[in-house]
Each structure stands twice: as structure tokens, then as C-alpha cells.
């Protein structure tokens, strides 16, 4: 069983050019072709994010909530049992979402609520993020311990310690929302958490710390939240092994950005005593970044360039950091499962070839082809789980710009160096003193 990726090959050109309604039509009209019942969380994530980018905020929240409920149901009812199982390929299991997807869906639910002027509901979403981060602390530790306790072969999979427990983008939005509600102490706590992130999570916040918003202000300020690029995808990396006398031949293949497979490596390992004609395949998912064209975002207020919007979050870093937590479990299960399958297969091949050896050359030929078919059949069952939503952004930027109360024109430019890649005209906006004036812009390239 393989991960369906055809929907993304069709929709990504539309997403890159901002044709989100057409991308939505493709996903919705091809649901039965590309999404099975086990993929319903992925389906809701994909649609929820596309509806957000299309500006259909209520519909986006409906779908992101369905995704969130599905993730929670799988975790509380069956995710531990599914991960403990070493028999089934992960592709055969229900997709329970990447941990960063589970966190950032609340960011986008909050932004949807802000766009709908429902700030109290937005604050609920921000608070849920910290709850999820607290649960992440022990999630894979418990699952790994349970898996190791249920193993009879004595092989233990190592536990990787969580290093992500403080999300700057969530805290930044928290400061703005708490401030607009007059909750100064809560805003101050979120502001302190933002500063801590650069001190305690340098592997994630490995870029210049931006200027932070004030905890309390009665002035009129414009806040621009800007997204660019697209978050990582998962591509397959495959190792094929074939033995000859006293050696193992390793062929390593990987997918490119168009999901085509290329040979990326060949190795010969001396292994005295190993028998010839043993074949096996192991395939793992690997995170692959999609580099953004954008390296600078500028805000123009009333035809005057006001500020370069600083980077506050690299979702790429967080996607990779949270994926790192479960990678030992994925790799360990895959190796153990492949070993068990191939031991049984090789025993069957040897028994079959011994029984056919008495039939002379014809029997040897039949045995050879039967062995090749057995290799192919087992290989076909080992495919990496490459499911991941393709429509989250890769970078987030946020800025605070003081202005006089009243109407102001707002334009956002996306640049690569001095080259303007895209201009987004947000129009004339009325800016109020002491209230939240948050506006979103994006370029998903």
C-alpha cells in the first residue's frame, strides 16, 4: 500500500499562483480517489488550510476542527496500540497527523476567529496549543516504552527527548489578543515565554530575535502577520540490499520534488560468510524542505515604506524537530518488521528451491523465478508512510507598526533581495486605538 500523492501534483501549481478555489475543487472532487477512510484527518487538514488561504474562514474552522477531533480520537483510543503494532505497515493505519500539524491547526483556527472578529474564541485556540505542547513532552516516551515492553526479540528502540515546548508565534498572537482584552498579566507571561524561546530552543529559533510588541498600549498600532513558502513534505528513501558471496550490495534511491524515484547511492559492504541471493527492501520517510523564494517582506503604509516584517517562526524547523521525536520508532519498527518478513521469505525460498532441485535445470529456473516473485511480493508491502498536509506555510513573520487612528492604506511586498516578487494590496483599513488591528498576508512560494 502506497501513499497517494497525485492530488498534490495537480493542486500545487494552483496553490503557487493563488488559485485556491480551483485547488479546493480538485481535492473535493477526487476525494474517493486520493483519500481513503484512514486518510480522513489528512483530507480535513488539506481542505481546512486551503479554505483558510481562500478566505473562507468559517468553513476552514469547521474542517480544521474535524481534523483536530480526528487526531484526538486516534490518540486517545488507538494511536498507542497502532504504533505498538510491528506487523502492519504505517500506510495501513489511520493517519493521526504530524505533531506540528496538530499544533499549527490551532494557530490557523485562531487567525480564522480573529478575521471573524471572534477574539475570545481565538484565545481558546492559543491556550490549546500550550496544552498540546505539554502532552508532547511524554507522548513518544510512553509509546516507545510500551513498544519495547511488548517486543519478544530483545531489540529496544531508543527514546528521543522532546526539545520543543514553547512556540513563539502562538505567544505573539497571545500577547496581541490578551492586550486587546485588557489582560496585561497574561500578555506579560506570553511575552516572557517569547524571550525564553531563543535561550532554550536555539535549534528551532536559530535566527535573529525580532522586536516584541508592547504588553500595554492605548495607541493605534497595525499588526501584520505574514506567511511565505510551504512547509516540508515527506519523500521516500529506499534501501535495496542484494547479497553475493561474502558481500552485500546496497542500492539507495530517493524521491525528487516531483515524486519521481532516482538512484542516489550505491555501496558495497564486505560481509564474510554471508550467503548469496538474499534480497530485502527497507523504506523510510524523510522530511524535505521546499525552499521559499521570499527572503524579505516589507509593509507600505499610505504609500510610504514603514517596516521590514521580521521572521518569528520557521515552521520548517518545528516540523523537523517534532518529526525527530518519532523517527526512531518509525525506523526501528520498519527494520524489525522487514527482518521478520525476509527471514520467513528466505526460509520459504530455500525450502522451495531444495524441493525443485531434483527436477534438474527446469526446476532450478522455476525456483529462480519463484524466488524473484517472492522478493517482489515482500518488497511491495514495504512502503514508507508519506502522508502529510502540503498546505501549511514554511515561515511566519509578524510586526507592529504605530500609526494615527483612522483609515490607512496597507500594502505588503514580498521580495527576494531587491526584486519584488509579489505585491498584496490589503486596501484601506480603519485602525482603532487600543484595539486589535491584525491583518494577514501571504505568498506560498
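We did not get these values from a lab; they are worked out from the coordinates using the rules stated. Nothing here was measured: the structure is a model prediction, and the numbers come from that model. A quick note on method: Cβ atoms are made from the backbone with ideal geometry, for glycine too, and the neighbour counts reach across all protein chains shown.
Listed values, structure above:
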{"read-out": "Label zone at residue 214 (point 7 Å along Cα-to-Cβ), backbone N below 16 Å, the range 420-445", "value": "432-437"}
{"read-out": "Cβ-Cβ FRET estimate between residue 137 and residue 418, R0 fixed at 35 Å, reported to 0.05", "value": "0.20"}
{"read-out": "Length added when fully stretched, residue 409-residue 22, from 0.36 nm per residue minus Cα-Cα", "value": "136.4 nm"}
{"read-out": "Calculated on alpha-carbon atoms, Rg and Dmax of the range 401-445 in Å", "value": "12.7, 36"}
{"read-out": "Residue-span extension gain [residue 250 to residue 277] - 0.36 nm each, minus C-alpha spacing", "value": "8.4 nm"}
{"read-out": "Pair residue 435, residue 192: separation of 7 Å Cα→Cβ label points (nm)", "value": "3.2"}
